[in-house]
Each structure stands twice: as C-alpha cells, then as structure tokens.
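Here the structure comes first, spelled out in structure tokens, and everything after it is commentary.
The values are calculated or read from the model by the stated rules, or taken from the named source; none is laboratory data. Owing to the predicted nature of the structure, the values given are computational and were not obtained by experimental measurement. Here the Cβ positions follow ideal geometry from the backbone for every residue, glycine too, while neighbour counts run over all protein chains shown. Note: areas computed on protein heavy atoms with side chains; ligands, DNA, RNA excluded. Shrake-Rupley method; radii C 1.70, N 1.55, O 1.52, S 1.80 Å.
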Amino acid sequence: SNESRLQMGQGHWICDLVATIPGGGDLRFVTRLQAGQGYGNTLNCILTVYRNESVVGFFKGMSFPLASIAVYSSVTFGVFSNTQRFISQQRYGDSNHAPALSDLIAASMVAGVVSVGIGGPVDLIKIRLQMQTQPFIKANINLKHGAIGFPAYRGPIHCVSSILRQEGLAGIYRGAGAMLLRDVPGYCLYFIPYTVLCGWITPEGCISPSPSSVWMAGGIAGAISWGTATPMDVVKSRLQADGVYLNKYKGVIDCISQSYHSEGLKVFVRGITVNAVRGFPMSAAMFLGYELSRKALRGDQAETNL
C-alpha cells in the first residue's frame, strides 16, 4: 500500500503524516482535526487528545511559536502600517491621508508576503514537533527515521538542525507556496474588514476608534480571515507536516489532488468552525494591543516634542 497511517491509542487513526493550521498559536487539536482521520468532530478530537496525552498534549510544540509570536506580530502589523503610510505619501502627499481600498489591498498583500518569510519556519517547526509524537506504522515505505514509535526531534533546535541537514534551506520553507496562497488573500480579509468596520462603528466626530470599537472590529475581521483561509491552511499544514518520517506530497497541486481523492471536498473545511471561533478573541486582542500601543507611543512622542 502507498498509504501510511498514524495510529493513536484505542483505535483512533490520524492522517498519513499530515498536519495543521495559519501562523499564530493554534492549539494542538486544530492540527489533529485538520490533518487527521477518524475524529469525526471537534469534541471527539479534543477528548481523544486529552485521553491519550492529558492537558499537556494540547500545547506540544508551542515553545518556539511563543518565543517568536511577538516578533512575528509586530513585524506584520508594522509592515502593513508603514506600507499604507508610504502609499498615502506617494499618492496624496500626506502619509496620514485616508487610504483607498486599493491602498489597503496593496499594503495587506505586502504584509502577507512578509509574514510568510517569518512565519513559515515557525509554523513548520511547530507542526513537526506536534505530529512527530504519534506512533507510526510502517507500510512498505522507506522511512527517513529508523526509530519508529519514538519522537524524531528532541526539541526546536534539534528539529531545525535536522531539517537543514536532511532537506537543506528549502526544507525550512516547505509549504511556503501554500502559505502565500493563504496569507496574501488572508491578510486582505484581515486588515480591510478591520479598517472598514472601525470606520463604520466609530461615531462621527471622533478622531480615533474607541477600545470597544477596535475590539469588535478586530474580532470580526479575525473570524472572517481565519474562516476563509481554512482550505489553503489545510494544504499548507499537510505540506509542512509531510517529511517527519516520509515525503508524500510533491507540491501544492499534488497535495490538493491527493487530499481530494482520498477524503473529498470536506477535507478542505476541516477546522473551519474552530478557526473562525478562535479567530475572534485572538484578533480582537491583537488589534486592541496594536492600537493601544500606537496611541501610547504617539503620546510619548508628543510629550517629547513639547
């Protein structure tokens, strides 16, 4: 057989070494739900992970993302904001000029491209560390690691060094094509709804949106972005997980084709509910922190100028 499967305890099967979800810190059951087989639904997936690995199982592979999330988020938001200001300066002669829709699209696309450069390796390492803990059943395939049933990586550093040694620099950016197809439109549906909703919610006469307006607009934008990004997120995650023990997919098109033929269209919406629901509070907090930080920095700058 050309299909290799991972098996969890008590008869629960999870995917042929495939994996998860977009930049950011997703809980482990999202990875299993998107990449695995036999879970049925979100609740079943959560219970299975908890039963086999306890609460710790939901946070495996999270140390590296937690250490880098501040840099990732600040760079992405900074690139969007500065690109938008640059475009306004070039088009209107005023960096604070209200951006047109085309300006927002361009700034969002630049932020999406930059996010892949930073977030690609972070997501890859997170997914590899999460998926490598599963016992693997050999199925007439030459595996990359001889010790089946044991973790392939001892930690983030060992994971990076192993990927570089076995796959080269290109291995660190495995799945980057799918991530671009996810993040470029994804960030357009992240920043544009936020900007539009902020303008719509904020009462006339107010210079800037209130914290509650920012929270609401950011949450809605996050739910829209994460929900619509799910299909390509599934593909990205599967490509990144591919390679822990074997290489199954040749690229984005091959991954889409194999996934569709083996599991149908429904595979591309796995985890969409979880993504949309978690996208609201996560993005609400992200945008609120961003806007409050900008106001604080501007206040400090104004006092300094005085």
- Message: So, Gly199, is that one assigned to a helix (DSSP H, G or I), open to solvent by 50 Å² or more (accessible area, probe 1.4 Å) and either within 19 Å of Met286 (Cα to Cα) or touching an Asp or Glu at 6+ places or on another chain (Cβ under 6 Å) (or both) or not?
- Response: yes
- Task: Go through the stretch 231-242 and give me each residue that's over 13 Å from Ile256 (Cα atoms) and β-branched (Val, Ile, Thr).
- Result: none
- Query: Which of the residues belonging to the stretch 243-271 are at pLDDT 90 or above and of a type in the set (Asp, Glu)?
  - Reply: Asp254
- Task: Report yes if Ile118 is modelled with pLDDT of 85 or more, over 30 Å from Phe280 (Cα atoms) and of a type in the set (Val, Ile, Thr), otherwise no.
- Result: no
- What is the one condition in (1) in a helix (DSSP H, G or I); (2) open to solvent by less than 60 Å² (accessible area, probe 1.4 Å); (3) over 19 Å from Thr76 (Cβ atoms); (4) not aromatic (Phe, Trp, Tyr) that Ile157 does not satisfy? (2)
- Message: Which residue is modelled with the highest pLDDT, if the candidates are limited to the stretch 226-242 and must be of a type in the set (Ser, Thr, Tyr) and open to solvent by less than 10 Å² (accessible area, probe 1.4 Å)?
- Response: Thr230
- Are any residues in the stretch 232-251 assigned to a helix (DSSP H, G or I) and either among the polar types (S, T, N, Q) or more than 12 Å from the chain's Cα centre (by Cα) (or both), and if so, which ones? Ser237, Arg238, Leu239, Gln240, Ala241
- So, first residue aromatic (Phe, Trp, Tyr) in the stretch 214-236, second residue in a helix (DSSP H, G or I), Cβ within less than 6 Å, six or more apart or across chains; the pairs are Trp215/Ala284; Trp215/Leu288; Trp226/Asn275; Trp226/Ala276; Trp226/Gly279
